[in-house]
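Note sheet for the following structure.
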Amino acid sequence: MAVIDYDPPERFVAGTVGPPGQRQFYLQASGGGRVTSVALEKGQVLILAERVEDLLDEYGGHDDGEQLPDNAPLDMPLDEEFTVGTMRLDWNPATQRLVLHLVPLGQEVDEDTDLAAIDAPCLRVSLDVRAAREFARRSAKVVAAGRPPCPFCGSPLDPAGHVCPRANGYKR
């Protein structure tokens, strides 16, 4: 199948649709008049943001300054290409770019797998250091913008409260 390639994208962001507690998370790449959106879990967004920062720190990916933050919402209409299963990050030392590979749920891949050999569309995004750091910052903000955690058990608090296991089932 085809690899949907953005090298580099005009825009690559994490975003959500829906109210806190019912949000669906997406990654969206755009460029050259096309937009590709893939769905994933909140935890995947957070892990990806942390790993991008770690990888850039590890390989010495230094940016020359701040990139203007992209606070705009996701582009609509939002047509989901697939739900992400496996994510793989590579560092290209020759181009000083981070390459993100997103593979659909249910596809088995490892670090040696050629994405073109997979029987499903995959997304590959190549980011310079500045764009990768801004992606990680925005992703962390998107995740943190959800429901606040309960100070006792850490579970998300609904606007009406929640049944806290640390309070023997009493509502807080």
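Note on segment 24-40: residues that are over 15 Å from the mean Cα position of the chain (by Cα), surrounded by 12 or more Cβ atoms within 10 Å (Cβ to Cβ) and either without any contact (Cβ under 8 Å) to a residue 40 or more places away in the chain or more than 16 Å from Arg124 (Cβ to Cβ) (or both) amount to 1.
For segment 135-152, enumerate the residues that are surrounded by 15 or more Cβ atoms within 10 Å (Cβ to Cβ) and either of a type outside the set (Ser, Thr, Tyr) or free of Cβ contacts under 8 Å to residues at least 24 places away in the same chain (or both). Those that are surrounded by 15 or more Cβ atoms within 10 Å (Cβ to Cβ) and either of a type outside the set (Ser, Thr, Tyr) or free of Cβ contacts under 8 Å to residues at least 24 places away in the same chain (or both): Phe135, Ala136, Arg137, Arg138, Ala140, Val142, Val143, Gly146, Arg147, Cys150.
Okay, residues lined up against (1) of a type outside the set (A, V, I, L, M, F, W, C); (2) modelled with pLDDT of 85 or more; (3) touching a Pro at 6+ places or on another chain (Cβ under 8 Å):
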{"site": "Glu50", "(1), (2), (3)": "yes, yes, no"}
{"site": "Asp64", "(1), (2), (3)": "yes, no, no"}
{"site": "Glu81", "(1), (2), (3)": "yes, yes, yes"}
{"site": "Gly85", "(1), (2), (3)": "yes, yes, yes"}
{"site": "Pro93", "(1), (2), (3)": "yes, yes, no"}
{"site": "Leu102", "(1), (2), (3)": "no, yes, no"}
{"site": "Asp110", "(1), (2), (3)": "yes, no, no"}
{"site": "Leu115", "(1), (2), (3)": "no, no, no"}
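Could you tell me whether any residue of segment 75-86 is out of contact with any Asp or Glu (no Cβ under 8 Å at 6 or more places or on another chain), of a type outside the set (D, E, K, R), touching a residue at least 40 places away in the same chain (Cβ under 8 Å) and assigned to a loop (DSSP other than H, G, I, E, B)? So far as segment 75-86 goes, yes, one or more of its residues are out of contact with any Asp or Glu (no Cβ under 8 Å at 6 or more places or on another chain), of a type outside the set (D, E, K, R), touching a residue at least 40 places away in the same chain (Cβ under 8 Å) and assigned to a loop (DSSP other than H, G, I, E, B). Please work out which one of (1) under 18 Å from Ser30 (Cα atoms); (2) without any contact (Cβ under 8 Å) to a residue 12 or more places away in the chain is the condition Asp112 fails and give its number. Status for Asp112: all satisfied but (1). Exactly one residue out of Gly21, Gly43 is in a loop (DSSP other than H, G, I, E, B) and surrounded by fewer than 21 Cβ atoms within 10 Å (Cβ to Cβ), and it is Gly21. Of all residues in segment 92-136, exactly one satisfies the criterion of being part of a strand (DSSP E or B) and more than 19 Å from the chain's Cα centre (by Cα), namely Asn92.
Residues checked against (1) within 13 Å of Phe12 (Cα to Cα); (2) in contact with a strand residue (DSSP E or B) (Cβ under 7 Å, 6 or more places away or on another chain):
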position: Arg23; (1), (2): no, yes
position: Val35; (1), (2): yes, yes
position: Gly60; (1), (2): no, no
position: Pro69; (1), (2): yes, no
position: Asp75; (1), (2): yes, yes
position: Leu78; (1), (2): no, yes
position: Gly85; (1), (2): no, yes
position: Pro104; (1), (2): no, yes
position: Leu127; (1), (2): yes, yes
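Candidates are the residues of segment 144-162 that are of a type in the set (A, V, I, L, M) and assigned to a loop (DSSP other than H, G, I, E, B); the one that is nearest to Thr16 (Cα to Cα) is Ala145.
For Ala132, the test of being surrounded by 11 or more Cβ atoms within 10 Å (Cβ to Cβ) and more than 19 Å from Glu41 (Cα to Cα) is passed. Of the residues Pro104, Pro69, the single one that is of a type outside the set (Val, Ile, Thr) and surrounded by 18 or more Cβ atoms within 10 Å (Cβ to Cβ) is Pro104.
Within the set Ala145, Ala131, the sole residue that is of a type in the set (A, V, I, L, M, F, W, C) and farther than 28 Å from Ala2 by Cβ turns out to be Ala145.
The values are calculated or read from the model by the stated rules, or taken from the named source; none is laboratory data. Quick caveat, the model's predicted, so the values are computed rather than measured. Heads up, the Cβs are rebuilt from the backbone with ideal geometry, glycines too, and the neighbour counts pull from every protein chain shown.
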